[in-house]
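K.L.:
Quick one: the structure is below, and I'll ask about it shortly.
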Amino acid sequence: MQYTLHQLTVFLKVNRTESITRAAEELNLTQPAVSIQMRNFQDQFDIPLTEVIGRKLHITAFGREIAVAAERILKEVDAINYKAQSYRGLLTGRLRVSVVSTGKYVMPYYLTDFFSLHPNVELVVDVSNKSQVVESLKGNESDFCLVSLLPEHMMIDSLELIENRLCLIANAEFKSPKRQTNPQLLETLTMLYREEGSGTRTSTEQFFKDNQLVIRRKIELTSNEAVKQAVIAGLGCAIMPLIGIRQELESGLLQIVPVKGLPLRSAWRLIWPSRKQHSPVATAFLQYLRENREAINRKWLS
């Protein structure tokens, strides 16, 4: 057999996504390129690695076993590269971080100086909704995940980075009450939602439930940025994290509507499975955050 490390990487991504299309997107490759690598890899085995049932790609039991071996091989390759560099006194390796979509406004500030200190470290950041982020954690695809709501039914450890606050947001033309008003105001508004699986969506719906609110006019959008632009345009109002709209609040494009029970408060946390054996890079990054998070918050996020 003469399979390549690139073939192992492609197959492992297809195994995790069960989709040629998604694997190509995540690897920044074309679909034909992924298909060719998969075909060349499959040609080295007499037993099928994948099968198509009802137009959906599935990994066979044999394929799952090969995926476990492929992941072990690639980790050993990373370890070899790390050891070679460590003898030169350099921290090297790959740091994989999965971030919920709103967290993209937070995470870069905790990464910048670390990567300036360690230029030989590679960074892979995946930005998606909460459900996909949690799945990446379960599948051991990430060293850390950044979330504002902790996943249920998982044994995890966490490091709190900064508070997360969600407020009712409207555009500049909205006639906001001067004093804090009852939550029933929301029943008269068109409310903009994030998609199912979003942490912001979960928190918003829990607030509605706690206050027995019936929202009759609602629009679902698939990203925090889309919600923000829709609010600015006057399409409706939304409960949004303040961390992603600071510039719009300062410029007057958006305003906070004072409502009893808001803001909703949680925290941005870096999480990882309990008893996870961190790589040297992940260990160094975690130590860096423990020592520097307060200074980063004061400098960039206060």
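The values are calculated or read from the model by the stated rules, or taken from the named source; none is laboratory data. For clarity, every value in this text was computed on a predicted model and none was experimentally measured. Note that we place each Cβ from the backbone using ideal geometry, even for glycine, and neighbour counts take in every protein chain shown.
Per-residue answers, yes or no, for (1) outside any helix (DSSP H, G or I); (2) buried (at least 18 other Cβ atoms within 10 Å of the Cβ):
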| site | (1), (2) |
| --- | --- |
| Met1 | yes, no |
| Ala23 | no, yes |
| Ser35 | no, no |
| Asn40 | no, no |
| Ile47 | yes, no |
| Val52 | yes, no |
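K.L.:
Of everything in region 54-69 that's within 22 Å of Gln2 (Cβ to Cβ) and small (Gly, Ala, Ser), which residue is surrounded by the fewest Cβ atoms within 10 Å (Cβ to Cβ)?
P.N.:
Residue satisfying both the conditions and the ranking: Ala69.
K.L.:
For region 155-173, check the following and say yes or no: at least one residue is small (Gly, Ala, Ser), surrounded by fewer than 17 Cβ atoms within 10 Å (Cβ to Cβ), assigned to a loop (DSSP other than H, G, I, E, B) and modelled with pLDDT of 90 or more.
P.N.:
yes
K.L.:
Also, quick follow-up: For region 30-52, which positions are within 12 Å of Val14 (Cβ to Cβ) and of a type in the set (Phe, Trp, Tyr)?
P.N.:
Phe41
K.L.:
Can you pull out every residue in region 251-294 that is over 24 Å from Glu122 (Cα atoms) and free of Cβ contacts under 8 Å to residues at least 40 places away in the same chain?
P.N.:
Those that are over 24 Å from Glu122 (Cα atoms) and free of Cβ contacts under 8 Å to residues at least 40 places away in the same chain: Ser251, Glu294.
K.L.:
Within the bounds of region 87-101, is there any residue that is in contact with a strand residue (DSSP E or B) (Cβ under 7 Å, 6 or more places away or on another chain), outside the structural domain of His6 (by TED's automatic domain parsing), part of a helix (DSSP H, G or I) and in contact (Cβ under 8 Å) with a residue 12 or more places away in the chain?
P.N.:
Scanning region 87-101 turns up at least one residue that is in contact with a strand residue (DSSP E or B) (Cβ under 7 Å, 6 or more places away or on another chain), outside the structural domain of His6 (by TED's automatic domain parsing), part of a helix (DSSP H, G or I) and in contact (Cβ under 8 Å) with a residue 12 or more places away in the chain.
K.L.:
Go through region 175-199 residue by residue and tally those that are under 18 Å from Glu220 (Cβ atoms) and either modelled with pLDDT under 95 or outside the structural domain of Val259 (by TED's automatic domain parsing) (or both).
P.N.:
Adding up the residues that qualify gives 7.
K.L.:
List the number of the failed condition for Ser142; all other conditions in (1) in contact with a Phe, Trp or Tyr (Cβ under 7 Å, 6 or more places away or on another chain); (2) assigned to a loop (DSSP other than H, G, I, E, B) hold.
P.N.:
Checking Ser142 against (1) in contact with a Phe, Trp or Tyr (Cβ under 7 Å, 6 or more places away or on another chain); (2) assigned to a loop (DSSP other than H, G, I, E, B), the one that fails is (1).
K.L.:
Cβ-Cβ distance below 8 Å, separation of 6 or more or different chains: which pairs start in region 58-78 with a residue that is assigned by TED's automatic domain parsing to the domain that holds Pro48 and within 15 Å of Arg94 (Cα to Cα) and end on one that is part of a helix (DSSP H, G or I) and not hydrophobic (A, V, I, L, M, F, W, C)?
P.N.:
Leu74/Thr9
K.L.:
Take the conditions in a helix (DSSP H, G or I), under 23 Å from Arg72 (Cβ atoms), touching a Gly at 6+ places or on another chain (Cβ under 7 Å) and polar (S, T, N, Q) and apply them to Asn15. Does it pass?
P.N.:
The answer is yes for Asn15.
K.L.:
Let me confirm something: among Ser148, Ser142, Ser131, Ser136, which residue is of a type in the set (Ser, Thr, Tyr) and without any contact (Cβ under 8 Å) to a residue 40 or more places away in the chain?
P.N.:
Ser136
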